[in-house]
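A short write-up of the structure that comes next.
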Amino acid sequence: FGIGSSRHKYFFGAVVANLGIIVVFLGLNYLIAWAQVALFGVPLDTAIFYVRAPGLVYIPMMWLLMGTSISASNLAFFPSRAPAGVAIVGMVALVLCASFPVAMWRFLLRPNAFQATAVPDAKIDPEAAAIVAGFAGEDGAGAAKKVYTGWKRKAYILVFGREVWVRKDGAPDYFVEKYGLFFEQYRHHYHWFSLVEMAQIILLALASVWKPSEGGMCTLRNVLITIVLLFFFLAIVVLRPYNSVLDMITATAMSGMMFLAVLLMAVAIGMGGNQGLMTWAGYLLLV
């Protein structure tokens, strides 16, 4: 929806609405937690763990990051198209988008701050199952029988992967439950890969609002976008950061098709608008 009557009314509306959604979502998380404290006497720390706050906000934030970054960049880099206050909102929103991954690294994901480790999943690993049974005071032989085998094990690995994240010794209670959505989908040693995903989104957003008038600069922009997509695709293929096999397959396919689509469009534009290449690029984007 649009706010105001300027040429940027829809970009302004997107920034305000998207930031509002994130704030309301996070606020509702904590409101539900406080309601559990007030109504049922649940300890606050436990109540926050139940609603997986603040990590749950990662879901709407990642969904909205691209649109918010593009809209904020348009407001910030083309201030003459709207009142000055709108441009300031765009600048602030763009800084917030760029600062979020920095804050994630500084306060959560850097080595000295990160308080979780990945271990073999007890549902598919007999040794891990025996260890878990020992902590729970259960019979190890009985625990081994609960380990998935055969097609169930393969299906589980396909969907969930081989590892689960647990807090380190001495780490704050519920660390993984509170913050796990920022890193649980990645393998051991790659808990920071969400920063790569966010960096790619922000770089593409910045490049997309760059509208050079000269042909050479337009080609340079297209090359830069293609390089960003190529590096992201190679990072996935080489590092294999995702814990789930299904996530790995999906991310590889999507990033690869996006890179090929943009590459074909860049080549088509360089050839003066080759319609055949543009059609193939469109097919890839539709997939």
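Observations, loosely collected:
- Residue match in the stretch 28-45 (condition: farther than 29 Å from PHE11 by Cβ, touching a residue at least 40 places away in the same chain (Cβ under 8 Å) and open to solvent by 20 Å² or more (accessible area, probe 1.4 Å)): yes
- Of the helices (runs of 4 or more DSSP H) lying entirely inside the stretch 170-287, the ones with 1 or more residues being open to solvent by 60 Å² or more (accessible area, probe 1.4 Å), without any contact (Cβ under 8 Å) to a residue 24 or more places away in the chain and not hydrophobic (A, V, I, L, M, F, W, C) are found at 245-270, 275-286.
- Just one residue in the set VAL209, VAL223, VAL196 is touching a Phe, Trp or Tyr at 6+ places or on another chain (Cβ under 9 Å), among the aliphatic types (A, V, I, L, M) and at pLDDT below 95; that residue is VAL209.
The values are calculated or read from the model by the stated rules, or taken from the named source; none is laboratory data. Predicted model, so just to flag it, every value in this text is computed and none were measured. Reconstructed Cβ throughout: ideal geometry from the backbone, glycine too, with neighbour counts over all protein chains shown. Keep in mind that these areas ignore ligands, DNA and RNA; they rest on the heavy atoms of the full protein, side chains included. Shrake-Rupley method; radii C 1.70, N 1.55, O 1.52, S 1.80 Å.
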